[in-house]
1. Quick one: how many residues across the stretch 67-89 are out of contact with any Pro (no Cβ under 9 Å at 6 or more places or on another chain) and either within 15 Å of ligand 1 (Cβ to nearest atom) or of a type in the set (Gly, Ala, Ser) (or both)?
2. Find all pairs meeting these conditions: Cβ atoms under 6 angstrom apart; at least six residues apart or on different chains; first residue within the stretch 141-169 and touching a residue at least 24 places away in the same chain (Cβ under 8 Å); second residue within 16 Å of ligand 2 (Cβ to nearest atom) and in a loop (DSSP other than H, G, I, E, B).
3. Are there any pairs, at least 6 apart or on different chains, whose C-beta atoms fall under 7 Å, with the first in the stretch 26-52 and in contact (Cβ under 8 Å) with a residue 24 or more places away in the chain and the second part of a helix (DSSP H, G or I) and within 11 Å of ligand 2 (Cβ to nearest atom), and if so, which?
4. Suppose we keep only residues that are assigned to a strand (DSSP E or B) and polar (S, T, N, Q) within the stretch 66-91. Which one would you say is nearest to residue 13 (Cα to Cα)?
5. Taking the stretch 4-33 only, how many residues are surrounded by fewer than 20 Cβ atoms within 10 Å (Cβ to Cβ), modelled with pLDDT of 95 or more and part of a loop (DSSP other than H, G, I, E, B)?
6. State yes or no: is residue 85 of a type in the set (Asp, Glu), touching a Gly at 6+ places or on another chain (Cβ under 8 Å) and surrounded by 20 or more Cβ atoms within 10 Å (Cβ to Cβ)?
7. May I ask you to verify whether residue 95 is of a type in the set (S, T, N, Q) and free of Cβ contacts under 8 Å to residues at least 40 places away in the same chain?
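The values are calculated or read from the model by the stated rules, or taken from the named source; none is laboratory data. The model shown is predicted, which means the values in this text are computed figures rather than measured ones. Ideal geometry is used to build each Cβ from the backbone, glycine not excepted, and the neighbour counts take in all protein chains shown.
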Amino acid sequence: MKDMPVAKVRNFALLGHTGSGKTTLLDALLFKLGATDRKGSPEQGTSFADWTEEEKERKLTIWAKPFEMVYSSPTLGRHELTVLDTPGYADYYGQVIAATTVADAGVLLVDATAGIQVGTQRAWRRLEALNLPRAIVISGVDRDNAHFDATLAAIQSAWGPRCRPVTAPAGEGLTRLLAPNPPAEVAEQRNALIEAAAARPAPHGRPGLTSGAFPGKIRTKIPGRGPPPGWPQWRPPPP
Ligand SMILES: Nc1nc2c(ncn2[C@@H]2O[C@H](COP(=O)(O)OP(=O)(O)OP(=O)(O)O)[C@@H](O)[C@H]2O)c(=O)[nH]1
Ligand SMILES: [Mg+2]
């Protein structure tokens, strides 16, 4: 994908406690976005990520590995996703350090049947230390003993009310809170999300809901250089 402009590349690492579902999510993404013609499974030893003999045997990730896929959206166009799967098992934390050093963002998985665990906290601290942008995925919501609301409450209690859901269980499945005409049961969460977004300053020169001062420096991978070509330049809002 050498023809993809840098501004259209999203490069993020999957992080979380061992068994929280990082590799399962990666295999699902690869299949859903058409990068593979079957869905791999770490449990069955068919994962595209956990492919070494030791990983297949132990049914867990040992090595961080990058995977490329293309996401096409009618409104946002084509984007290249470079997704790094990482091990959650504490002995292999060095792989998390390496992956987050090259990632532009982190996606942290929190298991809805277990809540915030030691490996979740360690991953969060790493993201904090690097000041990486991040998203949280509550995984395993299909399991019988899953607790979405309690997991969300634990996340907000640990890391603040800025952690707002953008999707939530409704009826039989999950719904996007910003989709047109969402079910009434998610109206409260939808309003809270819109209010939180409206209260934030506009990020990185993209149009926001309010204008305001830029909260920090634009982060680049190469110290001493400006943002890569094609990145939007932030300008202070007019007085
Ligand atoms: N029902 C259900 N099972 C899941 C889900 N996500 C993961 N699992 C199962 O949980 C187990 C662990 O999943 P993995 O994807 O290997 O977990 P991981 O986070 O990659 O674990 P490490 O590689 O050790 O860090 C596997 O048996 C998966 O099939 C989910 O969303 N729902
Ligand atoms: Mg794994």
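1. Of the residues in that region, 8 qualify.
2. Here the result reads 146/140, each pair linking the stretch 141-169 to a residue that is within 16 Å of ligand 2 (Cβ to nearest atom) and in a loop (DSSP other than H, G, I, E, B).
3. Between residues of the stretch 26-52 that are in contact (Cβ under 8 Å) with a residue 24 or more places away in the chain and residues that are part of a helix (DSSP H, G or I) and within 11 Å of ligand 2 (Cβ to nearest atom), the close pairs are 47/23; 47/27; 49/23; 49/26; 49/27; 50/23.
4. Of the stretch 66-91, the ones assigned to a strand (DSSP E or B) are 66-73, 77-85.
When the remaining residues are screened for being polar (S, T, N, Q), the result is 72-73, 82.
On the way: 72: 20, 73: 21, 82: 8 Å.
The selected residue is 82.
5. Number satisfying all stated conditions: 2.
6. On the way: of a type in the set (Asp, Glu): yes; touching a Gly at 6+ places or on another chain (Cβ under 8 Å): no; surrounded by 20 or more Cβ atoms within 10 Å (Cβ to Cβ): yes.
So residue 85 does not fit the description; no.
7. In short, yes.
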